[in-house]
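The structure appears right after this line, and notes come after that.
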Amino acid sequence: MKNDTFARKQRINKLMGRLQCNLRNLRHKNKLSQAQLAAKLNVDQSTISNFESGRSVMTIEHVYELYLMFGDDFSCPNILFSEQNKANKKDECLQE
């Protein structure tokens, strides 16, 4: 996988698609407009629209802030945010 650029790109695109869908669904579930969520993240409404449509990519800071706001309702495939794992896995950031 490490030398297969195409396979890595496919996995990244799949991850981004899941994040976009999760963001939109979670925003609707919490009855937030794009403008309201943007205000909470300190970004423009167009930024949220671009995240949801895939025109731009969320930074890891935005992803983590969404997790902090919505807790475990905001799932990010292949990335663990759980505080429970800190004691056991201090050096690991990403999980597959």
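The values are calculated or read from the model by the stated rules, or taken from the named source; none is laboratory data. Because the structure is predicted, anything quoted here is derived from the model rather than measured. Note: ideal-geometry Cβ built from the backbone for every residue, glycine included; neighbour counts use all protein chains shown.
In segment 20-37, what count of residues is obtained for those that are of a type in the set (A, V, I, L, M, F, W, C) and at pLDDT below 95?
3
Can you find a residue in segment 16-24 that is touching a residue at least 24 places away in the same chain (Cβ under 8 Å) and more than 13 Å from the chain's Cα centre (by Cα)? Spell out how you get there, then give the answer.
Here is the first cut: in segment 16-24, the residues touching a residue at least 24 places away in the same chain (Cβ under 8 Å) are 16-20, 22-24.
Then drop every residue that is not more than 13 Å from the chain's Cα centre (by Cα), which leaves none.
There is no residue in segment 16-24 that is touching a residue at least 24 places away in the same chain (Cβ under 8 Å) and more than 13 Å from the chain's Cα centre (by Cα).
From the set of residues in segment 1-50 that are within 16 Å of VAL63 (Cα to Cα) and β-branched (Val, Ile, Thr), which is surrounded by the fewest Cβ atoms within 10 Å (Cβ to Cβ)?
By that ranking, first place goes to ILE12.
Among residues belonging to segment 41-73 that are among the β-branched types (Val, Ile, Thr) and either touching a residue at least 12 places away in the same chain (Cβ under 8 Å) or in contact with a Phe, Trp or Tyr (Cβ under 8 Å, 6 or more places away or on another chain) (or both), point out the one that is nearest to LYS14 (Cα to Cα).
Per the criteria, the residue is VAL57.
Pick out the one residue from GLU92, GLU65, GLU61, GLU52 that is at pLDDT below 90, of a type in the set (Asp, Glu) and either out of contact with any strand residue (DSSP E or B) (no Cβ under 9 Å at 6 or more places or on another chain) or not in a helix (DSSP H, G or I) (or both).
Checking each option against the conditions leaves just GLU92.
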